[in-house]
Amino acid sequence: MVATGSDGRRTIPATDLFLAPYQTALRPTEIITETRWPIRPQTRHGFAETTHRAGDFALAGLAAVVELDGPEVARARLAALGVAGTARRLPTAEQALLGRPLSTGSIEDATDAAAKSVDPPEDVHADPETRRAALRAATRRALEQITHA
């Protein structure tokens with residue numbers, strides 16, 4: 001992310017931007033003016049979220065970027081939202097995809113790993129099991145988007 005403010009411009013790695021709910025690494029006079037996304041050949045992406053109603057904050061969601069080498073997954077980056085104070089990577093779910101074709105079996109393995117790797121909070125909107133189920137659905141849908149790209 002590129003932030004611009006009264007002191008000029010600076011680059012903030014995406015992993016360092018979000019500190020806690022409603023808190024970022026932005027200084028009071030900064031706004032994000034640019035995002036940079038590395039694009040590699042054979043890269044596909046998907047995003048899905050589960051909400052009570054359209055426009056609500058997500059109970060859970062998943063952003064996926066997958067790089068293919070032929071039919072097999074060479075690289076995977078999966079980030080969950082709504083299951084922790086900030087978005088978080090899911091390395092065990094990423095590992096479940098590596099070296100395998102993106103198929104029903106690998107998607108189910110990644111979906112299971114995603115749900116098992118989070119400890120969602122309980123609040124007035126959902127209990128932890130509901131959020132895990134929402135993450136399962138979002139993970140499946142985001143990865144299925146990639147198979148249809």
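No lab work stands behind these numbers, since they all come straight from the coordinates. For clarity, every value in this text was computed on a predicted model and none was experimentally measured. Please note: Cβ atoms are built from the backbone with ideal geometry, for glycine as well, and neighbour counts cover all protein chains shown.
What the table below lists for this structure:
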quantity: Where GluC sites (Glu not before Pro) fall in DSSP loop in the range 1-50, at most 10 other Cβ within 10 Å; calculated: none
quantity: Rg over Rh, two decimals, the range 1-140 (C-alpha only, Kirkwood Rh); calculated: 1.02
quantity: Label-point separation in nm, Ile39 to Asp112, each point 7 Å along Cα→Cβ; calculated: 3.7 nm
quantity: The chain - mean residue ellipticity at 222 nm from DSSP helices (-39,500 (n - 2.57) per run, n ≥ 4, rounded to 500); calculated: -9000 deg cm²/dmol
quantity: Given charges at Cβ of Lys, Arg, Asp, Glu: the chain dipole, positive-most of Ala134, Ala54, His148; calculated: His148
quantity: Cα-centred dipole magnitude for the chain, charges only on beta-carbon of K, R (+1) and D, E (-1), debye, nearest 20; calculated: 360 debye
quantity: Cα-derived Rg to Rh of the range 58-149, Kirkwood definition; calculated: 0.98
